Amino acid sequence: MVTAARAIAASVTDPEMPMLTLEDLGVLRDVREEGRQVVVTITPTYSGCPAMATMRDDLVHRLSDAGYDARVVVSLSPAWSTDWITRRGREALAAHGLSAPGPAPRRDGPVPLTLLPAPRTVSCPRCGSADVRLRSEFGATACKALYACEACLEPFEHVKEI
Amino acid sequence: MTPHVHDHDSDHSSVYDGLVGSDPSHWAFGTDFEDPLAGVDTTLADGVDGPTLAAYCLMLGDDALVYSHRLSEWCSRAPDLEEDIALTNIALDLLGQARLLLARAAAADPGVVPVLPDGSPIPPEDALAFFREAGEFRNVRLVEPGNGDFAVTMVRLLVFATWRLAIMQRLESSVDPVLSAIAAKAVKEVTYHRDYAGRWFLTLAQGTDESRRRLLAALDLVWPYRGELDRVSEVERRAVDEGFGVDPAAVAAEVDVVLEQVFSVSGVERPERPALAAVRGRAGRDGLHTEELSRMLAEMQSVARAHPMGRW
């Protein structure tokens, strides 16, 4: 059900990737409204994501401005997956020069060791070339890997699948 | 038209007032503490003893906390920017896991949390991190020594991540729903850590004569700490009986298979080095540590200890 409080919470943006709303990112799990009382449930992307406190503050702020008494709680399970990034979120990432994640790895049994760079289909978000090179699986935030395009020579970030 | 001159002093006693006002959202990540388990149901499942669960969470939380701090010492010192970022990303993931695990320990048994002066704003997870002595830490000794060179760091990270991934995967079926959820997140993160270290292990082994020489020396240096990971403490034994913990001896073979895979691809023999001895039957899980942990904690804890009433 789309309520006024839910609409406000859904429009709050991610502090690290402001082209995405918390809903686009899939971290907004629930908005429960009882009169002017609102409980918003969010889930961390990575265990150490330092943006959680800012997300909480932004949610409380925006909802208080609209006259709600808001509280933010954390949900740890199920663990966040990049599969929860919405289609609109993926389009916004691409529009801002970030490469959107492919499907998250499915797992059955022990996690296989991968000694070669992760097999991904990544293309340059600027020029579209598929001739790209992984520079590092770790980027400026926990959720991104660093790539470079061999065609236009620009570096870019890829939101890595988890 | 008379130019309008705004007199700042008339409505502010200091230019900094705007920064220290009532609105903490000025600061990038807020100024107050947050509970990483805010709103999470921390009720104990039937048959789970709170103090045992807390002791067990401290073990896994301390492994992550101590190793996170060690790895963060690479910040600005790594061979290149990409590795600097990678190592600090890994440290951040582990710090996040440590926060959740220490908070879980505190919720399961508030008795484990060091007592601070009345009115101290320091949350339980920070009290556990900054106000315990070395002898109260429950981490394995593998995570304590200084980083050494890049090869030593990669070998230690490979051993640590391989073992932690095996433990965390099994912990996903813990009867404690909080521990199970923390583990499910950790599996996704540590998978990247293990692959990263494995790739560097292979690269260094197959690189130049110098990189291979350093890698082999690193393996000899790190290997004695491998054995302690299979040791089962009394707390772990009880954690297995109560259904929320993992028997480390049960993952030993799986860990060795993965390490063997990396050794074989890299053309490196499994080292023959005796395991670091327990001292009068005590090892890391019992609070027996190397001197390097004390030195690390002295630095890590000094500011918090000087300001037990501090707000950050």
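The values are calculated or read from the model by the stated rules, or taken from the named source; none is laboratory data. Predicted model only: the values in this text are computed from it and were never measured. Neighbour counts run over all protein chains shown; Cβ positions are idealised from the backbone, glycine included.
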Can you name the residue in the stretch B:150-190 that is out of contact with any helix residue (DSSP H, G or I) (no Cβ under 6 Å at 6 or more places or on another chain), part of a helix (DSSP H, G or I) and of a type in the set (Ser, Thr, Tyr) and is also farthest from the other protein chains (Cβ to nearest Cβ) among such residues? B:Thr153
Given the conditions (1) assigned to a loop (DSSP other than H, G, I, E, B); (2) closer than 30 Å to B:Val258 by Cα; (3) facing chain B (nearest Cβ under 8 Å); (4) in contact with a Gly (Cβ under 9 Å, 6 or more places away or on another chain), every one holds for A:Pro50 apart from (2)
Checked the stretch A:57-72 for anything among the aliphatic types (A, V, I, L, M) and assigned to a helix (DSSP H, G or I); matches are A:Leu59, A:Val60, A:Leu63
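Rundown of residues vs (1) of a type in the set (A, V, I, L, M, F, W, C); (2) in contact with a His (Cβ under 9 Å, 6 or more places away or on another chain); (3) within 12 Å of chain B (Cβ to nearest Cβ), yes/no style:
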| site | (1), (2), (3) |
| --- | --- |
| A:Val72 | yes, no, yes |
| A:Thr86 | no, no, no |
| A:Gly89 | no, no, no |
| A:Ala95 | yes, no, no |
| A:Pro105 | no, no, yes |
| A:Thr114 | no, no, yes |
| A:Ala118 | yes, no, yes |
Single match in A:Ala118, A:Ala151, A:Ala145 (criterion: in contact with a strand residue (DSSP E or B) (Cβ under 6 Å, 6 or more places away or on another chain) and either in a loop (DSSP other than H, G, I, E, B) or buried (at least 19 other Cβ atoms within 10 Å of the Cβ) (or both)): A:Ala145
Of the residues in the stretch A:53-70 that are touching a strand residue (DSSP E or B) at 6+ places or on another chain (Cβ under 7 Å) and closer than 29 Å to B:His193 by Cβ, the one that is nearest to the other protein chains (Cβ to nearest Cβ) is A:Arg56
Residue identified as more than 24 Å from B:Arg285 (Cβ to Cβ), more than 14 Å from chain A (Cβ to nearest Cβ) and either surrounded by fewer than 19 Cβ atoms within 10 Å (Cβ to Cβ) or in contact (Cβ under 8 Å) with a residue 60 or more places away in the chain (or both) among B:Ala218, B:Ala239: B:Ala218
Can you tell me how many residues in the stretch B:231-242 are under 25 Å from B:Pro145 (Cα atoms), among the β-branched types (Val, Ile, Thr) and assigned to a helix (DSSP H, G or I)? 1
Residue check: is A:Pro125 part of a loop (DSSP other than H, G, I, E, B), buried (at least 18 other Cβ atoms within 10 Å of the Cβ) and in contact with a Gly (Cβ under 9 Å, 6 or more places away or on another chain)? yes
Given (1) farther than 30 Å from B:Ser174 by Cβ; (2) modelled with pLDDT of 95 or more; (3) among the charged types (D, E, K, R), where does A:Arg135 come up short, assuming only one miss? (2)
So, A:Pro101, is that one within 14 Å of another protein chain (Cβ to nearest Cβ), in a loop (DSSP other than H, G, I, E, B) and more than 21 Å from B:Lys185 (Cβ to Cβ) or not? no
So how many residues does the stretch B:198-230 have that are touching a helix residue (DSSP H, G or I) at 6+ places or on another chain (Cβ under 7 Å) and either of a type in the set (D, E, K, R) or not in a helix (DSSP H, G or I) (or both)? 6
Cβ-Cβ under 8 Å, sequence separation 6+ or interchain: first residue in the stretch B:64-93 and at the interface with chain A (Cβ under 9 Å from one of its Cβ atoms) and over 19 Å from B:Arg138 (Cα atoms), partner surrounded by fewer than 16 Cβ atoms within 10 Å (Cβ to Cβ) and at pLDDT 95 or above. Which pairs? B:Leu87/B:Cys75; B:Thr88/B:Cys75
Within the bounds of the stretch B:207-214, is there any residue that is within 21 Å of B:Gly146 (Cβ to Cβ) and either of a type in the set (S, T, N, Q) or in contact with a His (Cβ under 8 Å, 6 or more places away or on another chain) (or both)? yes
